[in-house]
Amino acid sequence: MYKNAPIGVFDSGVGGLTVVREIIRQMPEERIVYFGDTARLPYGSKSRDTIIRYSRQNIRFLLTMDVKAIVIACNTASAYALETVEKEFELPVIGVIRAGAVTAVNATRNGKIGVIGTEGTVGSGIYTEVIKKLNPDVKVTGKACPLFVPLVEEGLLHDSVTDEIASRYLSELKGRFIDTLVLGCTHYPLLRSTVGRIMGSDVTLVNPAYETALELKALLEERGMSCEPGSAEDDPDKYRFYVSDLADKFTAFATSILPKQVKETRKINIEKY
Ligand code: DGL
């Protein structure tokens, strides 16, 4: 029974669906409960204390759904809260930062890595810290790109405005001759083609969403917690979506990026948890 319990995933809003998309691709058997904290986003410009409080509440809510593991599918919450909450809760909790950092260190040839993310993630210095622990000789340049999140949420994935803003943000990183760039925010994989075109084909783009799904798969297998094949096949509630506000807007966005149509998103009062 426990093996067949869902995986709990949370993010500040829709961005964490890029992680859900990778989990579905790599582990199509698993059930998922997703919570998007749409009433309290953005997380990227809030303080550490606030993000830890929000993360605790989000996990307490997901625990009411009897989840077997938690994925913090938000770079800002992973940066600020993972270390605290992984000690406080008994189930496995993983974030998105370590997997992305490991991949970047393995990918770089010239030892120069760039990281783009929210002000919170870049300001926390967490990617630099994790990368330096893996290889102290690597040089890391971080760049906050705060306008990328609203551009994605407005659907401007392929637009001249996005090109212009991306060129400005990325020019500093180009000047540092990085050969690897971590897309350190949930929304940025959706801008992959724009970022890739501006950085050029010699720069490897690392999508922590993909790597996190791989890490989750390995963790579930290692602990004998993977779902039994076929157990969720006829379950109409295999994927459940909850938000703290604007459920219909979330449903439309989720349907545009997930491989399956999202039929329903339920709204909850997260302050109760
Ligand atoms: N999910 C956030 C992250 O990955 C981006 C959106 C926000 O600032 O809430 O950092």
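Across the chain, Cα pairs under 8 Å and at least six residues apart give a relative contact order of 27 percent. What you get for the chain, charging only the Cβ of Lys and Arg (+1) and of Asp and Glu (-1), is a dipole of about 480 debye around the Cα centre.
Straight-distance candidates among the aspartates and glutamates for linking to LYS249, with alpha-carbon spacing under 19 Å and chain neighbours fewer than 8 residues away dropped: ASP11, ASP37, GLU153, GLU154, GLU264. Taken as Cα centroids, region 153-178 and region 75-116 sit 23 Å apart, rounded to the nearest whole angstrom. Modelled this way, with points 7 Å down the Cα-to-C-beta line, the labels at LYS249 and GLU172 are 2.9 nm from one another.
Shown for the chain: the carbon plus sulfur share of the solvent-accessible area, taken with all protein chains present and a 1.4 angstrom probe, equals 50%.
If you run the Gaussian network model on the chain, springs between alpha carbon atoms under 10 Å, then out of ARG176, ARG48, ARG240 the most flexible one is ARG176. Computed with a 1.4 Å probe on the full set of protein chains, the accessible area for LYS174 sits at about 100 Å². Checking the Cα-Cα distances for LYS112/LYS143; LYS46/LYS112; LYS139/LYS217; LYS46/LYS217 against a 20 Å cut-off, the pairs over it are LYS46/LYS112; LYS139/LYS217; LYS46/LYS217.
With a Förster radius of 35 Å, plug the Cβ-Cβ distance of ASP235 and LYS139 into 1/(1 + (r/R0)^6) and report the FRET value to the nearest 0.05.
On the way: r = 48 Å, r/R0 = 1.37.
Computed FRET efficiency for ASP235 and LYS139 comes out at 0.15.
Taking a ≥ b ≥ c as the square roots of the eigenvalues of the Cα gyration tensor, an a/c ratio of 1.5 or more together with a/b no larger than b/c marks region 113-266 as oblate. Across region 37-45, rounded Karplus estimates of 3J(HN,Hα) from the backbone phi angles (6.51 cos²θ - 1.76 cosθ + 1.60, θ = phi - 60°) give 7, 5, 6, 10, 6, x, 8, x, 10 Hz, Gly and Pro being marked x. When you filter the GluC sites (Glu not before Pro) in region 154-184 for DSSP loop state and at most 13 other Cβ atoms inside 10 Å of their Cβ, you are left with GLU154.
The values are calculated or read from the model by the stated rules, or taken from the named source; none is laboratory data. Model, not experiment: these values are computed from the prediction. We place every Cβ from the backbone using ideal geometry, glycine too, and count neighbours over all the protein chains shown. Accessible surface is based on the protein model in full, side chains and every heavy atom, while ligands, DNA and RNA are left aside. Shrake-Rupley method; radii C 1.70, N 1.55, O 1.52, S 1.80 Å.
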